[in-house]
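The values are calculated or read from the model by the stated rules, or taken from the named source; none is laboratory data. Owing to the predicted nature of the structure, the values given are computational and were not obtained by experimental measurement. Every residue, glycine among them, receives a Cβ derived from its backbone with ideal geometry; neighbour counts consider all protein chains shown. Quick note on the areas: whole protein, heavy atoms, side chains included, nothing else; ligands and nucleic acids left out. Shrake-Rupley method; radii C 1.70, N 1.55, O 1.52, S 1.80 Å.
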Amino acid sequence: MMERFDHFMARANAAYYAARDPFKDFATAPEMSQVFGELIGGWAKVVWEMMGAPGPKMLVEAGPGRGVMMADMLRAFGPAEVHFIENSPRLRAEQAKHVPGAIWHDTLADVPERPMILIANEFLDALPVRQFVRREDGWMERYVEGGTYVELPAEKKLPDDPVGSVREVNEAAAAFVREAARRGVGLFIDYGPEQSATGESVQAIRDGKYADPLAEPGTADITAHVDFAALARVANVQGPVKQNAFLTALGLFQRTDFLAQKNPEKAEKLRLAAQRLTAPEAMGSLFKVMAVCPPGFPPLPGFEA
Ligand code: SAH
């Protein structure tokens, strides 16, 4: 069977999230510190008022993992109707433990059309990318057959990059962000450059280590850097800003100190997590935060500068 690379990636990741515990393979921000979700819950509370408190409060999260970020958010936000976009049955069961009463959907299209705030941390990076390689005769698109790459002439028009260049195009992420922007306000946190760049960013993590993305599909988490500049072309956005600037503006260090003083047994873990989330050589600078909102919307918290 020959499969276009993005179709391969979609299938491999669906199998991976259905069967594996991703949090054995990588650590995400909400898993490191409860403060991460609490700050975003406080952000959403302010933003809901900025939207004019348009009816019953509705929070939507895409790719909620174990559901801990939403549980932390709700403590700061207060009661809300919670919708989760998740297609792994295993993770849905895990999420139900942390957020009883949530409502699950396979796609954003299935979520009822009402004003909402949507949040997604490390979700867009898991969506499938198409990969193109520039050869002497023009652009080729990558397919997968029998565990190796095969190239066929590309049907997509791409910039005239030097021979050997690789371009990744995330059509699924663009469609998702466009739809989120149409429905309300969205906050996307993920890793990727500020400017679109050539080069291959697809990576696979199996058992906590880098692995061949094509080997044993379904046993590794396959991700690609998020091309924020490409997403900014399909929706009205604020940012992206670096994660450290965003979290610091929202009060990461104050909230961490407050909790550390109240809970000395958690103090060291909380302080280390705050460092890791903001240090440029850790997650502070490669991770970006970008919001989508209606055109003309005033500056959102964390994006004022
Ligand atoms: N946001 C969580 C989990 C990140 S892992 C955290 O920060 O800890 C990626 C999440 O996205 C998982 O919950 C995975 O099951 C989900 N996911 C990946 N691809 C998806 C898709 N196409 N549709 C819905 N959910 C998806």
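See the values below:
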quantity: Most to least accessible of TRP104, TRP48 (protein chains only, probe 1.4 Å); calculated: TRP104, TRP48
quantity: Gaussian network model of the chain, springs between alpha carbon atoms under 10 Å - residue of VAL237, VAL133, VAL177 with greatest fluctuation; calculated: VAL133
quantity: Integer Hz, Karplus 6.51/-1.76/1.60 couplings in order for segment 167-174, x for Gly and Pro; calculated: 10, 10, 10, 9, 5, 5, 5, 4
quantity: Estimated distance in nm for a label pair at GLU136 and HIS105, the labels positioned 7 Å out from Cα along Cα-to-Cβ; calculated: 5.1 nm
quantity: Length-normalised contact order of segment 105-244 in % [C-alpha pairs under 8 Å, at least 6 apart]; calculated: 28 percent
quantity: DSSP bridge orientation in the chain - percent antiparallel, rounded to nearest 5; calculated: 65 percent
quantity: Residue-count net charge about PHE246 - beta-carbon cut-off 13 Å; Lys, Arg +1, Asp, Glu -1; calculated: 0
quantity: The chain: relative contact order as a whole-number percent, Cα under 8 Å and 6+ apart; calculated: 21 percent
quantity: Within segment 17-114, GluC sites (Glu not before Pro) in DSSP loop having at most 13 other beta-carbon neighbours inside 10 Å; calculated: GLU113
quantity: Top of ALA80, ALA174, ALA120 by mean-square fluctuation, Gaussian network on the chain, Cα under 10 Å; calculated: ALA80
quantity: As computed over the chain, the Cα convex hull volume per residue (Å³); calculated: 140 Å³
quantity: For VAL144, net neighbour charge (Lys/Arg +1, Asp/Glu -1) across residues whose Cβ lies under 9 Å away; calculated: 0
quantity: The chain - accessible surface per residue (Å², probe 1.4 Å); calculated: 44 Å²
quantity: The chain: calculated mean residue ellipticity at 222 nm from DSSP helix runs of at least 4, using -39500 (n - 2.57); calculated: -10500 deg cm²/dmol
quantity: Inter-probe distance in nm under a simple model that places probes 7 Å from Cα toward Cβ, at ALA15 and ALA93; calculated: 2.1 nm
quantity: Pair-distance profile P(r), taking every C-alpha pair of segment 38-137, with 5 angstrom steps and integer %; calculated: 2, 12, 23, 22, 17, 9, 4, 3, 3, 2, 2, 0
quantity: Sulfur and carbon atoms: percent of accessible area, the chain [1.4 Å]; calculated: 55 percent
quantity: Within the chain, longest stretch free of exposed trypsin sites (Lys or Arg not before Pro) [DSSP loop, at most 14 other beta carbons within 10 Å]; calculated: 1-155
quantity: Where PHE258, PHE297 fall by accessible area, highest first, once all protein chains stay in place (1.4 Å); calculated: PHE258, PHE297
quantity: Relative pair counts by distance (%), Cα atoms of segment 200-257, 10 Å bins; calculated: 19, 25, 28, 26, 2
quantity: Per-residue ³J(HN,Hα) for segment 82-90, Karplus 6.51 cos²θ - 1.76 cosθ + 1.60, θ = phi - 60°, Hz, x for Gly and Pro; calculated: 10, 10, 10, 9, 7, 10, 8, x, 5
quantity: Max mean-square fluctuation residue, GNM over the chain, Cα-Cα springs under 10 Å, options PHE23, PHE84, PHE123; calculated: PHE23
